[in-house]
Amino acid sequence: MKITRLVPIILHAPVTRGGIADSTHSISHWGAPGVAIHTDTDLVGYGFSGTHAHLPADRLIVDCAVDSYGPLLLGEDPREVRYLWEKLHKHPPIQWVGRSGITHLALGAIDIALWDLKAKAAGEPLWKLLGGSASKPVEAYNTDGGWLNWPLDTLVADCRRMVEVEGYRAVKIKVGAPDLATDLRRLAAVREAVGPGIRVMTDANGKLTLPEAIRLGRRLAEFDVVWFEEPTTFDDVLAHRRLAESIETPIALGEQLYLAHQFRDFIHAGAVHFVQPDVVRLAGVTEWWQVADLAHSYSLPVVPHVGDMCQVHQHLCFAHAGCRLLEYIPWLRDWMLHPAQIQDGFFVAPDSPGAGMEPTPKALAKINLA
Ligand code: MG
């Protein structure tokens with residue numbers, strides 16, 4: 001099998017209720033800039049990054065994928081994905097302009113598309129190609145009811161519905177409101193609504209200073225919070241280590257770390273407990289697996305952040321021993337040919353061949369790159 005061409009794709013999917021916010025971002029759409037990798041067979045591989053649907057930035061990502069990495073892939077066998085990842089990752093002129101950032105997001109989209117092709121060529125879902133099993137339980141936790149712009153009654157109603165009607169046993173809510181009292185009031189209301197047996201996670205999206213994070217972090221144990229996610233600046237190892245030494249609640253992070261080396265530094269420093277690699281922020285499945293192995297060797301749970309809206313991550317979780325819990329956000333479900341399925345709070349292993357990011361024909365028809 002040989003690669004014949006790369007075609008750019010940019011999807012912008014609306015988020016829930018037309019707009020969501022956390023402590024640092026407000027968005028109306030989720031962006032999925034990526035590529036279709038065509039071959040000299042009928043098989044096409046699809047891979048995407050995950051963005052805030054900022055078209056100029058999304059164009060940079062797909063341009064980098066198609067124009068910079070594309071020529072290096074033509075004529076290659078897509079099934080030799082680890083070799084190709086090394087070839088692209090270390091290509092001097094591209095590495096010179098960034099070992100992370102746009103170049104890395106583009107490489108991630110390509111790597112996912114290559115794994116998609118490898119799995120399709122094998123006639124298997126990616127989890128099976130990676131040695132996983134559909135009988136492994138992969139629990140889902142839902143983030144989509146906990147946004148900071150939801151009024152208190154909406155927040156409570158959403159979390160209650162997810163638990164009582166939809167069967168989730170774990171929900172995440174955003175913190176980092178302008179004042180501590182608001183965060184505590186929202187947390188208390190959610191804890192009371194869902195009851196003591198349900199796991200509640202919190203996420204500050206990197207907004208707080210270290211003193212603010214210590215102040216809020218010391219209160220989280222009152223509500224039996226499972227983790228405190230991105231409490232302060234996302235790549236500040238020292239601040240997170242100091243926080244970890246100061247509070248009882250474990251720390252989760254990783255959604256804004258680009259490189260396996262950054263995870264190594266956080267893990268080695270004792271600055272993270274729940275490791276959250278994202279296959280679209282790291283350079284695809286290949287680098288994600290390095291991070292998951294590393295975390296697992298330190299006895300740290302791997303709980304991916306879903307910039308892919310869990311389409312690829314569900315495959316990785318059915319295959320990787322360190323991963324039993326996965327975030328769920330539904331924004332891409334109408335755009336994907338085989339959207340992730342959840343039953344009674346657990347992912348159902350996909351049975352279609354590939355890595356899970358193939359768009360519907362309708363989604364592909366909407367694309368306008370002019
Ligand atoms: Mg987060």
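Please treat every number below as a calculation from the coordinates, not as lab data. What you see is a predicted model; the values in this text were computed from it and never measured. Note that we place each Cβ from the backbone using ideal geometry, even for glycine, and neighbour counts take in every protein chain shown.
Observations
- Gain on full stretching of the segment that runs from ASP179 to THR41 - 0.36 nm per residue minus C-alpha separation: 43.9 nm
- A simple packing score, the average count of other Cβ atoms within 10 Å per residue, orders the peptides 288-296, 78-86 as 288-296, 78-86, with the highest score first.
- Extension reserve of the ASP344-THR24 stretch, reckoned as 0.36 nm per residue once the Cα distance is removed: 112.0 nm
- Each Lys or Arg adds one and each Asp or Glu subtracts one; over the other residues with Cβ under 10 Å from the Cβ of VAL194, this totals +2.
- 9 Å beta-carbon shell around MET357, net charge (K/R +1, D/E -1): -3
- Scoring 58-64, 263-269, 170-176 by mean Cβ neighbours within 10 Å over their residues and listing the highest first yields 170-176, 58-64, 263-269.
- For a 4.7 Å threshold on C-beta separation, the list of partnerless cysteines in the chain reads CYS64, CYS159, CYS310.
- Label-point separation, HIS52 to LEU152 (7 Å along Cα→Cβ), nm: 2.8 nm
- Cα→Cβ-extended label distance, 7 Å offset, between LEU74 and SER352, nm: 3.0 nm
- Taking every alpha-carbon pair under 8 Å whose residues sit at least 6 apart, region 3-123 reaches a relative contact order of 30 percent.
- For LEU55, neighbours were defined as the other residues whose beta-carbon sits under 15 Å from its Cβ, and their charges (Lys and Arg +1, Asp and Glu -1) total 0.
- Once the Cβ-Cβ distance of THR360 and HIS296 is raised to the sixth power relative to R0 = 41 Å, the FRET efficiency obtained is 0.75.
- By average C-beta atoms within 10 angstrom, highest first, the peptides 119-130, 154-165: 119-130, 154-165
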